[in-house]
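The values are calculated or read from the model by the stated rules, or taken from the named source; none is laboratory data. Keep in mind that what you see is a predicted model, and the values were worked out from it rather than measured. Virtual Cβ from ideal backbone geometry, glycine too; neighbours counted across all protein chains shown. Surface areas here come from the heavy atoms of the whole protein model, side chains and all, with no ligands, DNA or RNA. Shrake-Rupley method; radii C 1.70, N 1.55, O 1.52, S 1.80 Å.
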Amino acid sequence: MSEYTWLVPLPVVMPLFAAGLTLALYRHPRAQRVISVVALSLMVAVGVGLLFLADSGPVVVDIGGWAAPVGIDLVADRLSSLMLTVSSVVMLCVLLYSLGQGITDGDEAAPVSIYHPTYLVLAAGVSNAFLAGDLFNLYVGFEILLAASYVLLTLGGTGERIRAGSIYVIVALLSSIIFLVAIALVYAATGTVNMAQLAQRLPEIDPGVALVLQLLLLLAFGIKAAIFPLSAWLPDSYPTAPAPVTAVFAGLLTKVGVYAIMRTQTLLFTDGRLDTLLMWLALATMVIGILGAVAQNDIKRLLSFTLVSHIGYMLFGIALASQAGLGASIFYVAHHITVQTTLFLVVGLVERRGGSTSLERLGGLAKIAPGLAILFFIPAMNLAGIPPLSGFLGKVGLLEAGVEQGTALAYTLVVGSVVTSLLTLYAIVKAWNKAFWQTPPEPLPEATLPRTMVGPTTALVAVGLLLTVVAGPLYGYADRAAATMQDNSNYIDAVLGEDGRGEGDSTDSVPNPGIDNTPVPSQSSSPDDGSTGTTDGGDS
């Protein structure tokens, strides 16, 4: 047992506790700000700690002292720790940006008494989804973050936001219902929702039933991740929200869906029966998404379509189902969370300085706000994949993995990726030329950009550049995460273990006639795969 396992639940507990405090102190905005910043700063520190701790093996905590599969487990492995760290950094920067906006506009324009507890609940939901060790807890994480997102998306209560929020709520509820039905069917078929135990039992059930369960989960996660053709809701929902809300949604929420697909495809459904379908979906998502971006004349909508398009890159790596593909996909997710969030924050500054996000009304920003031009240019080039930025490195990794697989469909995806990257560059350059270089059709309003908003945006731009500087170690970490995900015995041993942890009391008490309930011996693990991972808790 590690002495640091207590770190694992903190990313969930801390923001929830802080949310309660900020709600109780709703009459004290300054105290709310301090509590929110401290809570998210601690989440960043804990995330970094887990990042190093999980590199030696998954860290497992049994909530309430009940071991798996009866109890609820939180599992911090390389993948979840990396996602947790990146998401915490992004949420902290977005919070600071929103605080700057609120201070500049005045508290009357920023409903901070609602904003802080809701934002912290959103952070807890994202953390819970990344750390969940069973499908139902993953569902709970999704519901926590979605409930918070409903409030954040409609902050301000304008008619346009309510309309867009209604579409978002309906689609989110639909995906949640599908997810809940899938969980019920999974439990009916296998007698468990613990993912480590499911990894052992799903191969034992009827292959047709397993395929139906896989399709249902993929459908639910595909809606949340905005995979084509399940992405129609996103370009109409995100652009209407306040800039910091749009930024955190675009950067994080779809990636939670990508994370869920990545986790279930590598841990639960390892037979690869849907890999071809995933590859076609990845191709359609990339190409159709970027064609939508090219057709836009509003920067927010343009970026929303690029968000959809680049989800295709992540799906590409998952569909390849190789260590190289998965490693590149994990690296690309970490890069894209940072870059996409940064771009939406910059667009918030563009809207403030230019009075609009319409490319037909903007122009000349490079002359009157050169700093803003630089803040847009760097992440935009990173999104397009210009060398030597992290976007280029992630795309090269995916292309190499596609070529390594060598099938006709993989080569088609490689070509599709290159075309998508070129079209992304075209869309970004078009936006740059219109917003920053062309002569504005009408004089832009006089406005100054608050330092309190520029500072966090600059910090996030710097984080994006830092990912390029540390790309080697980061790519190595992502590759090691992919290696351990391909050998799911590493995860199973950490959760169920060979030392008697969770020997299946639920299975013994509620036997499933269709399942062989004999405990499956743990497979051997490679020396560097973290099989000596630290675990906590005893038998239930």
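Considering the conditions (1) of a type in the set (Phe, Trp, Tyr); (2) closer than 30 Å to Gln101 by Cα; (3) over 15 Å from the mean Cα position of the chain (by Cα), Phe249 is excluded by exactly one of them, (3).
Gly159 satisfies every condition listed in (1) open to solvent by 20 Å² or more (accessible area, probe 1.4 Å); (2) among the small types (Gly, Ala, Ser); (3) in contact with a helix residue (DSSP H, G or I) (Cβ under 9 Å, 6 or more places away or on another chain) except (3). Against the test of being over 29 Å from His335 (Cα atoms), open to solvent by 20 Å² or more (accessible area, probe 1.4 Å) and modelled with pLDDT of 50 or more, the options Glu442, Glu503 yield a single qualifying residue, Glu442. When Ala199 is tested against (1) modelled with pLDDT of 95 or more; (2) among the small types (Gly, Ala, Ser); (3) surrounded by fewer than 24 Cβ atoms within 10 Å (Cβ to Cβ), just one condition goes unmet, and that condition is (1). The residues of region 413-428 that are touching a residue at least 24 places away in the same chain (Cβ under 8 Å) and in contact with a Gly (Cβ under 9 Å, 6 or more places away or on another chain), listed by number, are Leu413, Gly416, Ser417, Thr420, Ser421, Thr424, Leu425. Here Ala243 passes the criteria (1) within 30 Å of Val186 (Cβ to Cβ); (2) open to solvent by 10 Å² or more (accessible area, probe 1.4 Å); (3) of a type in the set (Gly, Ala, Ser) except the one numbered (1). Considering Leu423, Leu449, the condition of being in a loop (DSSP other than H, G, I, E, B), crowded, with 16+ Cβ neighbours inside 10 Å and at pLDDT 85 or above is satisfied by Leu449 alone.
Among the residues of region 16-33, is there at least one that is within 25 Å of the chain's Cα centre (by Cα) and under 24 Å from Asp77 (Cβ atoms)? Looking for residues that are within 25 Å of the chain's Cα centre (by Cα) and under 24 Å from Asp77 (Cβ atoms), one finds at least one in region 16-33, hence yes.
When Glu404 is tested against (1) in a loop (DSSP other than H, G, I, E, B); (2) surrounded by fewer than 16 Cβ atoms within 10 Å (Cβ to Cβ), only condition (1) is not met.
Does region 459-468 contain at least one residue that is of a type in the set (Ser, Thr, Tyr) and within 22 Å of Pro244 (Cβ to Cβ)? So far as region 459-468 goes, no, none of its residues is of a type in the set (Ser, Thr, Tyr) and within 22 Å of Pro244 (Cβ to Cβ). Scanning region 34-43 for residues that are surrounded by fewer than 19 Cβ atoms within 10 Å (Cβ to Cβ) and in contact with a helix residue (DSSP H, G or I) (Cβ under 8 Å, 6 or more places away or on another chain), we see that the one that is nearest to Tyr97 (Cα to Cα) is Val37.
Just the residues that are more than 16 Å from Gly406 (Cα to Cα) and either open to solvent by less than 30 Å² (accessible area, probe 1.4 Å) or among the aliphatic types (A, V, I, L, M) (or both), please, taken from region 273-282. Residues satisfying the conditions are Leu274, Leu277, Leu278, Leu281, Ala282. In this structure, Asp298 qualifies as in contact with a strand residue (DSSP E or B) (Cβ under 8 Å, 6 or more places away or on another chain), surrounded by fewer than 24 Cβ atoms within 10 Å (Cβ to Cβ) and either at negative phi or among the β-branched types (Val, Ile, Thr) (or both).
Would you mind stating whether Leu84 is touching a residue at least 60 places away in the same chain (Cβ under 8 Å) and crowded, with 24+ Cβ neighbours inside 10 Å? Yes: the conditions hold for Leu84. In region 465-478, the residues that are within 15 Å of Leu51 (Cα to Cα) reach residues that are among the acidic types (Asp, Glu) and assigned to a loop (DSSP other than H, G, I, E, B) with C-beta atoms within less than 9 angstrom, at least six apart or across chains, in these pairs: Tyr477/Asp55.
Among the residues of region 141-156, how many are in contact (Cβ under 8 Å) with a residue 60 or more places away in the chain and either open to solvent by 50 Å² or more (accessible area, probe 1.4 Å) or charged (D, E, K, R) (or both)? Summing the residues that are in contact (Cβ under 8 Å) with a residue 60 or more places away in the chain and either open to solvent by 50 Å² or more (accessible area, probe 1.4 Å) or charged (D, E, K, R) (or both) in region 141-156 gives 1. Taking helices (runs of 4 or more DSSP H) that fall entirely within region 305-388, which contain at least 2 residues that are in contact (Cβ under 8 Å) with a residue 60 or more places away in the chain and crowded, with 24+ Cβ neighbours inside 10 Å? Output list reads 323-354, 370-384. Suppose the filter is under 30 Å from Ser81 (Cα atoms), open to solvent by 30 Å² or more (accessible area, probe 1.4 Å) and in contact with a helix residue (DSSP H, G or I) (Cβ under 8 Å, 6 or more places away or on another chain); does Leu267 pass it? No: the conditions fail for Leu267. Being touching an Asp or Glu at 6+ places or on another chain (Cβ under 9 Å), assigned to a helix (DSSP H, G or I) and not hydroxyl-bearing (Ser, Thr, Tyr), is that true of even one residue in region 215-238? No, there is no match, as no residue in region 215-238 is touching an Asp or Glu at 6+ places or on another chain (Cβ under 9 Å), assigned to a helix (DSSP H, G or I) and not hydroxyl-bearing (Ser, Thr, Tyr).
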